[in-house]
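**Q** Can you read through this structure? Questions will come right after.
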Amino acid sequence: MRVVCLVALMCSLSAQAGTPDQVRSALLFQIAKFIDFTHVQSDSVRYCFTSLSKGPGAFLAQQQNLLIRGQPIAITELSKSSQNDELSRQCDITYFDGKIENDILLPWIKTRPLTTFTVGSNFEFLEQGGVAALIQEGKKIRLYINREQLEQVSFKVQARLMTVSKFYPN
């Protein structure tokens with residue numbers, strides 16, 4: 001049932017939402033329902049964004065009382081001065097845009113095992129070692145998952161999410 005809901009959501013969001021950032025925000029929220037973060041015991045699902053003033057982070061931060069498996073979401077804005085170990089402790093899902101992506105992503109990716117589901121918005125992000133990307137193709141936003149990075153993570157991505165994803169590299 002959850003797969004049907006996720007597929008319906010992914011297919012319909014591009015028509016209903018006003019911008020690609022709004023669609024990415026909704027998808028980031030839904031994606032968390034299909035990831036088991038076994039590495040950390042937390043009282044919330046923790047999202048980190050490189051900006052809360054624009055992009056998907058701004059839209060998700062405006063929402064009140066959102067729950068994922070009975071837990072509230074917590075939203076944090078990243079800075080260039082954030083340390084890799086600090087990011088791993090405070091973020092379950094991190095969305096990178098181009099603002100500080102290159103300053104943070106590469107050193108963070110080298111940390112093993114990966115404890116954070118890293119998401120970007122382009123294929124270059126996947127080539128640099130990101131776990132997933134929400135890529136706009138025409139009027140749709142598609143979820144791509146980096147197969148190589150997925151083998152390095154310490155959390156479990158449920159098969160239901162994999163069925164609605166495309167893979168990189170093919």
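The values are calculated or read from the model by the stated rules, or taken from the named source; none is laboratory data. Source: prediction; values computed, not measured. In this analysis, Cβ positions are derived from the backbone assuming ideal geometry, glycine residues included, and neighbour counts consider all displayed protein chains. The accessibility values were calculated without ligands, DNA or RNA, using every heavy atom of the protein model including side chains. Shrake-Rupley method; radii C 1.70, N 1.55, O 1.52, S 1.80 Å.
**Q** Consider the stretch 153-170. How many of its residues are basic (Lys, Arg) and more than 15 Å from residue 143 (Cβ to Cβ)?
**A** Taking the stretch 153-170 as the starting set, the residues that turn out to be basic (Lys, Arg) are 156, 160, 166.
Filter once more, so that each one left must be more than 15 Å from residue 143 (Cβ to Cβ): 156.
Number of matching residues: 1.
Residue by residue, here is whether (1) in contact with a Ser or Thr (Cβ under 7 Å, 6 or more places away or on another chain); (2) modelled with pLDDT of 75 or more; (3) of a type in the set (S, T, N, Q) holds:
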site: 80; (1), (2), (3): no, no, no
site: 90; (1), (2), (3): yes, yes, yes
site: 106; (1), (2), (3): no, no, no
site: 109; (1), (2), (3): no, no, no
site: 121; (1), (2), (3): no, yes, yes
site: 126; (1), (2), (3): no, yes, no
site: 129; (1), (2), (3): no, yes, no
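**Q** Still on this structure, please answer the following. So, residue 54, is that one modelled with pLDDT of 80 or more, among the charged types (D, E, K, R) and open to solvent by 60 Å² or more (accessible area, probe 1.4 Å) or not?
**A** Criteria met by residue 54.
**Q** Only one of (1) touching a Phe, Trp or Tyr at 6+ places or on another chain (Cβ under 7 Å); (2) surrounded by 19 or more Cβ atoms within 10 Å (Cβ to Cβ); (3) at pLDDT 90 or above is not met by residue 66, so which one is it?
**A** If we test residue 66 against (1) touching a Phe, Trp or Tyr at 6+ places or on another chain (Cβ under 7 Å); (2) surrounded by 19 or more Cβ atoms within 10 Å (Cβ to Cβ); (3) at pLDDT 90 or above, just (2) comes out false.
**Q** Which of the strands (runs of 3 or more DSSP E) contained wholly in the stretch 108-170 include at least 1 residues that are under 18 Å from residue 49 (Cα atoms)? Full working, then the answer.
**A** On the way: elements: 117-120, 132-137, 140-146, 166-168.
So the answer is 117-120, 132-137, 140-146.
**Q** Among the residues of the stretch 119-134, how many are closer than 18 Å to residue 29 by Cβ and open to solvent by 10 Å² or more (accessible area, probe 1.4 Å)?
**A** Of the residues in the stretch 119-134, the ones closer than 18 Å to residue 29 by Cβ are 119-121, 131-134.
Restricting the remaining residues to those that are open to solvent by 10 Å² or more (accessible area, probe 1.4 Å) gives 121.
The qualifying residues number 1.
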